Amino acid sequence: MIFTGKGKGKTSAAIGTCLRSIAESKTVYLIQFLKSGNSGEVKCLKNFKAKFKYKSFGKNSFTKPDKLTKKDFDIARKGVKESLKAIDEVPFLLVLDEILITLEFGLTKERDIIRIVNKCNENQVHLILTGRGANENLIELADLVTEMKCIKHPFDKDHEAIKGIDY
């Protein structure tokens, strides 16, 4: 599954699917790229310790595509490595939140994401990829693709992100 587009709701849709899986006693592994792991949804999901695993591969600051550092590449590589390792645990659902942004920024390679998709298929692990800019090759591989489209957003008027709504 791919949740992509410039609109709000990609991670929220993925988290909703996590909750559905956990409610059915399925195991879920969430790996977030470019995020520090301090969001409200992660704090909530960590309460489901028996069925939920989580790792974050991001910094405490925003990653800018025009100012990438060696550390950004190293963190993304570790996230891909952890993703492949997570599949070996055969969770019911694996969510790779914002991995598509890492591809767009050039921090990961398409071939690595395709390798993850293929390994999930081999191990019968359901997979969700989120982030802006899903490319045609990944869209072709996916069974489900949803594009979130932004019509209007408070950020357009320079409003600050709201804790509990935006993170």
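Each reported figure results from applying straightforward, stated rules to the coordinates on display, with no laboratory input. No experiment lies behind these values; they were computed from the predicted model shown. No Cβ is skipped: glycine too gets one built from the backbone with ideal geometry, and neighbour counts run over all protein chains shown.
The Cα atoms of region 106-167 cover 45, 24, 24 Å along the three principal axes, with the biggest extent listed first. Taking a threshold of 29 Å on the Cα-Cα distance, which of the pairs Lys51/Lys78; Lys51/Lys152; Lys53/Lys157; Lys8/Lys109 fall above it? Those over the limit are Lys51/Lys152; Lys53/Lys157.
Compute, for region 2-157, the length of the dipole vector about the Cα centre, with Cβ point charges of +1 (Lys, Arg) and -1 (Asp, Glu) only. Units Debye, rounded to 20. It would help to have the intermediate numbers written out before the result.
Details: 29 positive and 19 negative charges, 144 e Å.
So the dipole magnitude of region 2-157 works out to roughly 700 debye.
Restricting the trypsin sites (Lys or Arg not before Pro) of region 16-101 to loop positions (DSSP other than H, G, I, E, B) with no more than 11 neighbouring Cβ atoms within 10 Å leaves Lys49. Entry note: the chain has Rg to Rh equal to 0.94, where both radii use alpha-carbon atoms and Rh is the Kirkwood radius.
For a straight C-alpha distance cut-off of 20 angstrom, the aspartates and glutamates reachable from Lys163 (same-chain residues fewer than eight places away being disregarded) are Glu41, Asp97, Glu98.
For region 43-99, chymotrypsin sites (Phe, Trp or Tyr not before Pro) are listed when DSSP marks them as loop and at most 13 other Cβ atoms sit within 10 Å of their Cβ; the list is Phe62.
Exposed loop sites here mean GluC sites (Glu not before Pro) with a DSSP loop assignment and at most 12 other beta-carbon atoms within 10 Å; the chain contains its longest site-free run at 90-159. Sort out for me the Cα centre separation of region 122-167 from region 40-118, rounded to whole Å. Centre-to-centre (Cα) distance: 14 Å.
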